[in-house]
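The values are calculated or read from the model by the stated rules, or taken from the named source; none is laboratory data. The model shown is predicted, which means the values in this text are computed figures rather than measured ones. Ideal geometry is used to build each Cβ from the backbone, glycine not excepted, and the neighbour counts take in all protein chains shown. These area figures cover heavy atoms from the full protein model, side chains too; ligands, DNA and RNA do not enter into them. Shrake-Rupley method; radii C 1.70, N 1.55, O 1.52, S 1.80 Å.
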Amino acid sequence: MVSELAVSTTVMDDVEFVQCFNGVIAAHYQEAARYQKALPEFALMRMRQVVEGLCLELASHVGLNVAADHTLIKLIKDLKDSGKFKKAIADDLHHIRIQANKFVHVEKLESPGQPSKVQSGTELADIVQSCRTALCRVLVAFACSIKNVTGITELLQRQFTVMSQEELIAKAVTSLKPNDKFLAGVAVDAITRDFLSKEVGLLLTEQQKFHYFSLQRLAATFYLAAIELDANLDEVPSQYLSEIGDGLAFTRCDPEYLFRFADVVVHGDIGDELKAKGVTALESAAKKGHVPAKALLAGIYYQNANYEPALKLALAAVDAGEFRAVKILFCYYAEGNACAIDKTMARRYLDIGVENGYLPALTLLGQELCIGERLDKQNAAGLQYLQQAAEQGDPDAIKFVSLFDGTKEREMQERVQTLLTQLKSHETIQQVMIEAKRLQNRQLAYQQKVGVNDLCPCKSGKKYKKCCKK
């Protein structure tokens, strides 16, 4: 159908056009387009999967040998170097890959009191839109190479009726489709991130903690429902259900469902039973070859001092292009818990992350060089790396650079040292936390350029000079 239309028109609907590729690519693209506004991180994940699917299909079409442990960055390079597409298309592919890697499977916070690493909604929406536009150009080029479709010069991006996150959740309540449950879990995850992005205090109130943990439990419930529905246990004889137990569903479902469920329950504090299920789900997803599951499982194994399987999984994840795992390999060689400290190997894995565009590796490298504990201190080089990461929008790098800005660096260091002294002197926790909150508000005032006569960022209603600036 696409070929017939291509003869008479140069413009075509993107969702219709993508049907010329295999069903998985088409389905992933349609989901990315449909949910790009309500679930932007999910849309980026699907776009990255489309890119990988397209590259694998093109490699198969031209007879390019692809290793079992290939990485997407190497696959794009090999296809470009063999002349299968031009540099502009390679740039589009890398743009989608890099942007997706920034937001897809981002590490969860270990506690709800940490500042969130969430991009603003407007920025993220712009990034997703730029990726969809780039992907449309890629689709046209690949259709010409793989399907011999000519005559199409532009794809019109279909605009779907936007479902809000709340509507996705409401739909899942009455649906028996596993994908609806899954999308509801993704929606709750997005709501959780939005909540955390607004709670930048050192500590959440008790009410905020209850709200945070209730969101985590709700997301876990939807993901677990997706797993159980996708496993379709009605097909399994009843005697096997009682013999095998919960693990049977994990062996029969989509590994992405398993990963998302585990990513929620293994962080935070929503119950040991759920956490144990999460580890089992990760192990099942890893056995199915789900690369992000391998990276997350490697981190859990490392935290539990199960070093040998942690190393094996982390290496496999990095080899497959999941560069989050470089942070685990850095810790493995830098901390001296699993083996003798080897700063050269530790640095090597951070460099691998940096070379492959993994922004948190660039930030971590800069921090470690500035701090000088796990790597040899190189303050100037460290700040340079941090400034590069900050320019690319990494929130941790921006925060770190602002703390080490001239006189502010000395001031902040002195105040932090005072807090540490107070703790060692057994000052009351309440006094220390009050002072810590005041310090945080001073940092916020500095970042927002609050004047001495402006209202204090702590929202006390007092002028800054008569409140936290004291």
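Take the residues in segment 395-409 that are closer than 19 Å to Asn441 by Cβ and modelled with pLDDT under 60; name whichever of them is surrounded by the fewest Cβ atoms within 10 Å (Cβ to Cβ). Among those that are closer than 19 Å to Asn441 by Cβ and modelled with pLDDT under 60, it is Thr407. Any chance segment 152-165 includes a residue that's assigned to a helix (DSSP H, G or I), in contact (Cβ under 8 Å) with a residue 60 or more places away in the chain and surrounded by 15 or more Cβ atoms within 10 Å (Cβ to Cβ)? Looking through segment 152-165, at least one residue is assigned to a helix (DSSP H, G or I), in contact (Cβ under 8 Å) with a residue 60 or more places away in the chain and surrounded by 15 or more Cβ atoms within 10 Å (Cβ to Cβ). Return yes when Val186 is modelled with pLDDT under 95, aliphatic (A, V, I, L, M) and surrounded by fewer than 19 Cβ atoms within 10 Å (Cβ to Cβ) and no when it is not. Against the criterion (modelled with pLDDT under 95, aliphatic (A, V, I, L, M) and surrounded by fewer than 19 Cβ atoms within 10 Å (Cβ to Cβ)), Val186 does not qualify.
Among the residues of segment 311-328, those that are open to solvent by less than 20 Å² (accessible area, probe 1.4 Å) and assigned to a helix (DSSP H, G or I) comprise Ala314, Ala317, Val318, Ala325, Val326.
Put simply, of Phe85, Phe17 the only residue that is aromatic (Phe, Trp, Tyr), surrounded by 18 or more Cβ atoms within 10 Å (Cβ to Cβ) and more than 25 Å from Arg158 (Cα to Cα) is Phe85. For segment 96-132: of the residues being among the hydrophobic types (A, V, I, L, M, F, W, C), open to solvent by 40 Å² or more (accessible area, probe 1.4 Å) and assigned to a loop (DSSP other than H, G, I, E, B), which is modelled with the highest pLDDT? If we take residues in segment 96-132 being among the hydrophobic types (A, V, I, L, M, F, W, C), open to solvent by 40 Å² or more (accessible area, probe 1.4 Å) and assigned to a loop (DSSP other than H, G, I, E, B), then Val106 is modelled with the highest pLDDT. Looking across Gln387, Gln392, Gln413, Gln378, one residue alone is surrounded by fewer than 20 Cβ atoms within 10 Å (Cβ to Cβ) and at pLDDT below 80. It is Gln413. Selection of first residues in segment 320-335 that are under 21 Å from Glu373 (Cα atoms) and of second residues that are assigned to a loop (DSSP other than H, G, I, E, B) and open to solvent by 10 Å² or more (accessible area, probe 1.4 Å), restricted to Cβ pairs under 6 Å at least 6 apart or on distinct chains, gives the following pairs, ordered by first then second residue: Tyr332/Ala338; Tyr333/Asp342; Ala334/Arg374. Looking only at segment 228-262, residues that are open to solvent by 50 Å² or more (accessible area, probe 1.4 Å), in a loop (DSSP other than H, G, I, E, B) and modelled with pLDDT of 70 or more come to 3 in all. Applying the criterion of being free of Cβ contacts under 8 Å to residues at least 40 places away in the same chain and among the charged types (D, E, K, R) to the residues of segment 30-55, the residue that is surrounded by the fewest Cβ atoms within 10 Å (Cβ to Cβ) is Glu31. All of Leu93, Leu168, Leu135, Leu176 fail the test of being among the hydrophobic types (A, V, I, L, M, F, W, C), modelled with pLDDT of 90 or more and assigned to a loop (DSSP other than H, G, I, E, B), apart from Leu176. Just so you know, in segment 329-344 the residues that are in contact with a Leu (Cβ under 8 Å, 6 or more places away or on another chain) and in a helix (DSSP H, G or I) include one that is surrounded by the most Cβ atoms within 10 Å (Cβ to Cβ), and it is Phe330.
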